[in-house]
1. When chain A is treated as a GNM, springs tying every alpha-carbon pair under 10 Å, which of A:184, A:115, A:174 comes out with the largest mean-square fluctuation?
2. How many Å² of accessible surface get buried when B and A come together, counting both sides, probe radius 1.4 Å, rounded to the nearest 100?
3. Is the shape of region A:95-264 rounded, prolate or oblate, going by the alpha carbon gyration tensor and its root eigenvalues a ≥ b ≥ c, with a/c under 1.5 for rounded and a/b larger than b/c for prolate?
4. What's the average, rounded to a whole number, of partner chain beta-carbon atoms within 10 Å of each residue's beta-carbon in A:254-264?
5. For the protein assembly as shown, which cysteines have no second Cys with its Cβ under 4.7 Å from theirs?
6. How long are the three semi-axes of the equivalent ellipsoid for chain A, computed from the Cα gyration tensor as the root of 5 times each eigenvalue, in whole Å, largest first?
7. Mind listing, in residue-number order, the residues in region B:134-163 that have at least 10 Å² less accessible area with every protein chain present than in their own chain alone (1.4 Å probe)?
8. Which of the aspartates and glutamates could be linked to residue B:252 by a straight reach, that is with a Cα gap under 14 Å, when you skip same-chain ones fewer than 8 residues away?
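The values are calculated or read from the model by the stated rules, or taken from the named source; none is laboratory data. Predicted, not measured: the structure shown is a model, and the values here were computed from it. Neighbour counts run over all protein chains shown; Cβ positions are idealised from the backbone, glycine included. Only protein heavy atoms, including side chains, enter the accessible area calculation; ligands, DNA and RNA are left aside. Shrake-Rupley method; radii C 1.70, N 1.55, O 1.52, S 1.80 Å.
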Amino acid sequence: MLGFLLQRLISLGIVLFGASLVIFAIMRFLPGDPVLAMLGFDTDPVVVAELRAELGLDRPVLVQYAGWLADAVRGDLGTSIFLRREVVDLLAARFPTTLALAIASLVVALAVAVPAGVLSARYKGKALDHVSRLVGLAGVSMPNFWLGLLLIMFFGVQLRWLPVGGYVPITQDPLAGLAHLILPAITLGTAYAATIMRMLRGSMLDVLRRDYVAVARAYGVPERTVTWHDAFKNAMIPTLTVSGFAFGYMLAGTIIVEVIFNIPGVGRLLYESILTRDYPLVQGIVLFNVALFVLVNLLVDVLYATIDPRIKV
Amino acid sequence: MQRFAPNRRTALKLAGAGAFGLATGLGWRPAFANPRGDGFLTASILGALPHLHPWDYSNHDFGALPILTYSNLVYTAPDGSLHPEVAKAMPEISADGLVYTFDLRDDVVFATGKKLTAEDVAYSFELYLERGRRRGDFRAFMESVTIEDTYRVSFQLERPWSGWLMYLTKYMGLLPAGTEHDSIYDTIVGSGPYMVTRFEPDVVIELEAKSDYYMGEALQKKIRLVRIADGATQLANLQTGQVDIIGTCPPKDFAPTVALPEYEGAMIPSAGIFYAPFNRQAAPFDNVHLRRAVASAIDREFICNELYYGVVTPSTLPAAPQEYWYDEELAKVHAYDPDRARFHLREAGMPNGFRFTATIPVPSAYIEAQEAAIIMQANLAEVGIDMRIRQMDFSSMYAAAQNGDFECFPHPSMQPSIEDYLLAQSYMCIAGKQYMSQPCNPAYDEVMAEVYLDNDQERRRPLLIEATRKLVEDCTSVWIGRLNTYHIWRTGIENFEPSYMYAMDLRKTHQPS
């Protein structure tokens, strides 16, 4: 296990280095300029040059990259050009919000996907199965910005049951905090619920065909026990992988949901920083997301071994 | 007849459906859906709220903050008129338009507790010339600042530009002498009516009224500015009561929303404009007839009224129809007339039309240029002009404009002032720094120098019309319309109106408890 972890940590370092190179190059090759985004195009070129020098953007690109990488290795991701704060501090302030949203979304996804996937497999070919698969297809196909707007219109504007935007930390006000998370979590969780549901249904169908299930049934074990106790546990292993991936994507893919629901998380921060060409902030967030994604997957691999002792990491 | 005897599961389902139906029908609204009643007047703004620095902003919504926290020599009222602020009266201006002298109030106190004097005014301007984001514009005309006595200060200009007073009210903010430039990114030191009590960058700013404000403590004790980066989301927040005043909404929603009794709204011309400057230094638009052909082929009425639901007022001139320097005869020169467009194409030797690329920002600010570009494309196709659309984000667009990498550039733009700023930047040789102002016209400079001697509208009117004539003759841009400032607020909010300067002015706004 220790060797495996070490190996994965080394590969994490390589992935991060590659990601840093790619994101740095992409940001520099993209058209646009943070200085002009700050000043507008009707600005004195002398002032533009002064600000460019002040931000170190007049140095050769390789020198900029080397400097940034050396700082990043020491844990210093630089200072945001627009927000004038340390990138690390901004991530620390915004990440708990995104984490809360991702956890809530995963809860929504699993709460929908698990019963739907299991029952769909259990009643294969029946009405419940068709409805579940149809809903699953709709969930995967529906763009989340559209679903978000529908939820805002119905539960926020029409019924006025839930807030349509903003964020209240659960630690500050649990009820308001949960209320603010419900609609964005449904929006983000729906697409992943559909994916997890389809994967779980497939695994369940596979497991339900196994001999030990037939034996359990022959012994007269109630169908509910066969389904939930014997089959579900084994069917969960591949589902766990998909859920792990989904969680990683949720953490790194909250941009649209955070913008629509005005949630001050890492996703919205990334969106704004791309528009303003805030190089250090974009680079820092992308690097952070890459690390997060790799770590979540590492965690899933470790969980794998814990759940199923036959699997050795 | 079979008796209805539901089992436990059916009973639960029925109970759930009944509860949902009742909640929906009776209009049940849980308290957590709208956690308000905290004494704050909450306004949402579209642009970023990255820091607290009064001079350093890259979007015009941000201006709502410096208006509440800093003071200037003069201020611009919502209707666009100038009034003294820390000055006792409007300045004395020398006959040559080069010296402006201000007498200052003696009761102005900074947030630091220090009383404002001429030394602070001089310090602020000198620091601005050295570090202010817009220092280029100031450097171009400002020569020196002189402390005449404790409460009297004068400014020597290199050339006349009366527009600097209005410009200042947008991009300035007086500081106590000795303030470190970088410290004001995080701290408010101004002498405005409010102090910041909470600040989360780009999320929320909360402010509290200062009891020692020199014009009297504000009626509204607490104000909250929240950043909501989408117009439709702003409207949803207003409809659910999470916000009291919104900075914008989709244009189509403005009229239906303000027609409801729960809301009020207003729309006034702002210092913003929707226009399409040409790159006159390269083909095809180095040919004036081709510029005129494009200008005559655009149906501005349709774009502004049908597409933007009136939030843009159509105008073929830089002036809005209701402004003192608008000229009806001049407005007819490039009014929508496909036959005249064809005439100009023939004059240019291209009777069958030509092809060009319009660079548009996506997403745009204020209105979406993309929508108008599609109508423009259709209008131009009618006369044989093939307009291709190149979409760019704002940041890339700025770079393209600066480098001359464009042919025509339809975009909405907010200015400190149209006649006092945009006209100077558009065509004056002494502006010189902007690609779009070239090639310039020295005769235009002469007229504008006279315009900028002072702010007397009666004297300026014929001169501004003369300057506009030169712009129209040379057809430097297609002027499509003037952007309006429009806001919606909850009924019951008092003393709020949209402002010519676009940024919300909440200094006198009040929400009765």
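1. A:174
2. That pair of chains buries around 4500 Å² in total.
3. prolate
4. 3
5. B:249, B:304, B:408, B:475
6. 44, 25, 15
7. Residues of region B:134-163 that lose at least 10 Å² of accessible area once the other chains are added: B:134, B:135, B:136, B:139.
8. B:306, B:368, B:371
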